[in-house]
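Trainee: Here it is, the structure, as structure tokens.
The values are calculated or read from the model by the stated rules, or taken from the named source; none is laboratory data. Everything quoted here is computed from the prediction, not taken from an experiment. Glycine also receives a Cβ, built like all others from the backbone with ideal geometry; neighbour counts cover every protein chain displayed. Calculation scope for accessible area: heavy atoms of the full protein, side chains included, ligands and nucleic acids excluded. Shrake-Rupley method; radii C 1.70, N 1.55, O 1.52, S 1.80 Å.
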Amino acid sequence: MRKALIPVLAAALVTAATPATASAAPPPKWGPCPREAAGLGLDCGTIEVPLDYRDPGGRTIEIAISRLASTKPEKRRGVLLTNTGGPGGEGLAYPATLKKLAIPQEVLDSYDVIGMDPRGVHNSTPVTCGLSPAEHPTNIPRYARDSADVTTEAQRVAAVAAKCGSSATAPLLPYMTTANTARDLDRVREALGERKVSYFGISYGTYLGSVYTSLFPERSDRFLIDSATGPGGWDASFSRLLGRGVEDRFPDFAKFAASKPEYGLGRTPAQVTAKYFELAARLDRTPSPDGYNGQVFRHVTFAELYYDKSLPRLAETWRALDTGKPVPPPASTSMSAGAGYPPDNYIASQLHVICNDSDWPEDVGTYRRNVAIDRFRHPMFGAAAADVTPCAFWPSEPIEPPVKITGRGPSNVLIVQNLRDPATPLAGARKLRAAFGDRARMVTVDQGGHLAYLFKDNECANDLATAFLVTGARPRHDLACGSQRQVRAEGSTPSGK
């Protein structure tokens, strides 16, 4: 299942390593998997980790992991930890998902691929805010049409934060952080008896991997990170980048829609772009009979820009709104976590992590100013990306400063990044590349949408990523893959040994 940095659109619309005094993590007892990962050829197990790593002898929580074991011991290099993004994405089934996505057999031979439900998620001591879909219908900030909208939204999200702070799992709240999840990953490494681990993380998972290899550089082997959030994770600066991300990606949709005159959205990309602003303004004034106002229209457009396969559905939605016809049902983005889990687990665990990881501005006036600035800078979506979120009213202050991503450590990181990604824009990936310095190389790919390795068919990018995981070969310099197999820089050298 592709969690990544999924936009939820419900119907309602410093850091020290693990303390030396912590007891060693015993190996997991492998056995059958929970329902969502059952029957996929995986082994599953659990380990216990400290809730608060500053108190290693205190309360523990459970972390659920899965394993797709290598069947070629003579080729096995070690373990490949994975993360599906979010934050809040469950990951037990992910090793089987990678196999379905045709990850090369040589990767499966080289590693035991390890999935994990991060702390607070599904089978790993789940958290809740007790929210209904109507109370928090989107994890992406709402589009603010004016300053009054920011004030109104502030009142709503303050109530969301208050519910998180008084929920049944509120005692866990301050400790749901990326740094602690990275420490959990290291306990997994220890429990599996590995001296080093390799890693593949997508979307938000790029930040988790960056934090791990910054906290534990000597325990990091080969780190492949795909579609990067940037060196600060999902903080207030990253949220504002979504306005730029929509503008990076939108020309792909405009070109697609213009090439299909049957949609009636314009015969040129410029006309399709003008239609976006026309429909948004019209729906701001008068919502459609099926409940689409300008805010929902903008958010649905953002969500459908993620993947090329969604562009026809987006064009159909626009055509229906433009002609007054019923809108096709959207793709499911329900908050439901499935039987046995808190219904709001995905969005609750996401809020816990992003609000705990960094100190968000608390003054509503800051968001009013940022919305006004970004409406001008990025008129398509900036007034959403800069709007206020529950993090402004979060009931807990960060328990530690954010982990600083630097160039200290082995040269063992490969970043793969689409040029036109709406969810993790290129600008953020470039910042992460700069923060890592010579530790990293970056492969940019001339294509649009979210996620690159395995999720798109670019041979250049896929081959480079596979070679890195299997052999450690990495480009000598940052490299650009064309839309097909065009390469504008050459040379690779082993790394990550």
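Trainee: If you restrict to DSSP beta bridges whose two residues both lie in the chain, what percentage is antiparallel, to the nearest 5? All intermediate terms of the calculation are to be shown ahead of the outcome.
Mentor: Numbers: 19 of 46 bridges.
Expressed as a percentage, antiparallel bridges in the chain total about 40.
Trainee: How charged is the neighbourhood of ARG474? Take every other residue with its Cβ under 9 Å from the Cβ of ARG474, and add Lys/Arg as +1 and Asp/Glu as -1. Intermediate values should be presented prior to the final figure.
Mentor: Working: positive: ARG222, ARG441, ARG476; negative: none.
Local charge sum for ARG474: +3.
Trainee: Sequence neighbours fewer than 8 away in the same chain don't count; with that in mind, list the lysines whose C-alpha is under 22 Å from LYS456.
Mentor: Cα-Cα hits under 22 Å: LYS3, LYS99, LYS100, LYS255, LYS309.
Trainee: Distance between the C-alpha centers of the stretch 254-285 and the stretch 86-125? Whole Å please.
Mentor: 39
Trainee: OK, next. Treat the stretch 259-395 as a sphere of radius equal to its Kirkwood radius over Cα pairs and apply Stokes-Einstein at 37 °C in a medium of 0.692 mPa s; give the translational diffusion coefficient in µm²/s, rounded to a whole number. Show your work: numbers first, answer last.
Mentor: Numbers: Rh = 17.3 Å.
So the translational diffusion coefficient is about 190 µm²/s.
Trainee: Can you tell me which aspartates and glutamates have their Cα less than 16 Å from the Cα of LYS260? Leave out same-chain residues fewer than eight positions away.
Mentor: By straight Cα distance, LYS260 reaches ASP252, ASP308, GLU316, ASP322.
Trainee: Would you kindly state how much longer the chain becomes between THR152 and SER396 on full extension, computed as 0.36 nm times their sequence separation minus their alpha carbon distance, in nm to one decimal? Can you show the working numbers first?
Mentor: Details: separation 244, 0.36 × 244 = 87.84 nm, distance 2.25 nm.
Stretched fully, the THR152-SER396 segment lengthens by 85.6 nm.
Trainee: A further question on this structure: May I ask for the distance between the Cα centers of the stretch 407-447 and the stretch 165-232, given as a whole number of Å?
Mentor: Centre-to-centre (Cα) distance: 17 Å.
Trainee: If packing is taken as the average count of other Cβ atoms within 10 Å, what order do 231-237, 311-317, 363-369 fall into, highest mean first?
Mentor: On the way: 231-237: 21.9, 311-317: 18.1, 363-369: 16.6.
Those peptides, ordered most packed to least, come out 231-237, 311-317, 363-369.
Trainee: Then there's this: What are the extents of the Cα atoms of the stretch 395-471 along their three principal axes, in Å, largest first?
Mentor: Computed over the Cα atoms, the extents are 44, 30, 19 Å.
Trainee: Could you work out the percent of alpha carbon pairs in the stretch 344-495 separated by over 19 Å, rounded to a whole number? Walk me through the intermediate numbers first.
Mentor: Working: 7504 of 11476 pairs.
Tail fraction, whole percent: 65.
Trainee: Return the lysines within reach of LYS29: Cα separation strictly under 22 angstrom, same-chain partners fewer than 8 residues apart disregarded; answer none if there are no such residues.
Mentor: The qualifying lysines are LYS72, LYS196.
Trainee: Cβ under 13 Å from PRO34's Cβ, PRO34 left aside: what net charge do those residues give with Lys, Arg +1 and Asp, Glu -1?
Mentor: Details: positive: ARG35; negative: GLU36, ASP43, GLU62, GLU90, ASP117.
It works out to a net charge of -4.
Trainee: If you don't mind, another one. Excluding VAL300 itself, what net charge comes from residues whose Cβ is under 12 Å from its Cβ, given Lys and Arg +1 and Asp and Glu -1? It would help to have the intermediate numbers written out before the result.
Mentor: Details: positive: ARG298, ARG313; negative: ASP290, GLU304, GLU316.
Result for the neighbourhood of VAL300: -1.
Trainee: As a check on your grasp of the helix formula, calculate [θ] at 222 nm for the chain: sum -39500 (n - 2.57) over DSSP H runs of n ≥ 4, divide by the residue count, round to the nearest 500.
Mentor: Working: 14 runs with 177 residues, N = 497.
The helix contribution divided over the chain gives -11000 deg cm²/dmol.
Trainee: Let me ask something additional. What figure in square angstrom, to the nearest 10, would you give for the accessible area of HIS299 with a 1.4 Å probe?
Mentor: 10
Trainee: Here's something else I'd like to know. Report the semi-axes of the equivalent ellipsoid for the chain in whole Å, largest first, where each axis is √(5λ) for an eigenvalue λ of the Cα gyration tensor. Write down the numbers at each step before the final one.
Mentor: Values: eigenvalues 249, 150, 85 Å².
Each semi-axis is the square root of five times an eigenvalue, giving 35, 27, 21 Å.
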